[in-house]
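Peer 1: Below you'll find the structure I mean.
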Amino acid sequence: MDFKNIIDNQIKESMLNKSKTRLIALRAIKSAILLEEKSGVSIEKNPVKLLMKLIKQRKDSRDLYQKENRIDLAEKESNEIKIIEEFLPEQMSDVDLEKKIEEIIKEEGGASMKDMGRIMGIAVKMLDGKADNSRISIFVKKLLA
């Protein structure tokens, strides 16, 4: 079963269960899929990039709502993030992520902050969907410093 059908089935299930929050998040995924398809991009091979983009948007919104002390809206964004994350591969722990980035740096000969761009490019491709790019960046900086 392809990703689009999985989302369609989850939408139907959420409608039957009257799960409003879940339904909103799933419809956002469906909408993003349709937008990608209209632009000629197939997300079937790698829906991870699309899901990570949706999560990033929600994290940015959540942070903004928290700054504005709109806890209700921040909580809504957090709930949607959790639902979207269900469709991602399991996220790496900080310990595992640090070990993997250490390996990448050793393999690629990273020695200083001058190598950050190159190491980030490799790490982001290798860890696609398993860790947020901001988390990857934190460990690359830490290990190259």
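The values are calculated or read from the model by the stated rules, or taken from the named source; none is laboratory data. Everything numeric here is computed off the predicted structure, so don't read it as measured data. Positions of Cβ are generated from backbone atoms using ideal geometry, with glycine treated the same way; all protein chains shown enter the neighbour counts.
Peer 1: Go over the candidates Leu26, Leu64, Leu88 one by one and state the one that is within 11 Å of the chain's Cα centre (by Cα), surrounded by 13 or more Cβ atoms within 10 Å (Cβ to Cβ) and closer than 26 Å to Val124 by Cα.
Peer 2: Leu88 is the lone residue from the list that is within 11 Å of the chain's Cα centre (by Cα), surrounded by 13 or more Cβ atoms within 10 Å (Cβ to Cβ) and closer than 26 Å to Val124 by Cα.
Peer 1: Separate question: Quick one: in segment 9-23, which of the residues that are surrounded by fewer than 17 Cβ atoms within 10 Å (Cβ to Cβ) and hydroxyl-bearing (Ser, Thr, Tyr) is farthest from Asn79 (Cα to Cα)?
Peer 2: Ser19
Peer 1: Another question, then. Here is a list: Glu36, Glu107, Glu102. Which entry is assigned by TED's automatic domain parsing to the domain that holds Lys130, surrounded by 13 or more Cβ atoms within 10 Å (Cβ to Cβ) and in a helix (DSSP H, G or I)?
Peer 2: Glu102
Peer 1: Moving on. Using beta carbons and a limit of 9 Å, which pairs, at least six apart or on different chains, have the first residue in segment 124-145 and modelled with pLDDT of 85 or more and the second one of a type in the set (Phe, Trp, Tyr)?
Peer 2: Short answer, once both residue conditions are applied: Ala131/Phe139.
Peer 1: Could we say that Leu51 is under 19 Å from the mean Cα position of the chain (by Cα), in a helix (DSSP H, G or I) and crowded, with 17+ Cβ neighbours inside 10 Å here?
Peer 2: Spelling it out, Leu51 is indeed under 19 Å from the mean Cα position of the chain (by Cα), in a helix (DSSP H, G or I) and crowded, with 17+ Cβ neighbours inside 10 Å.
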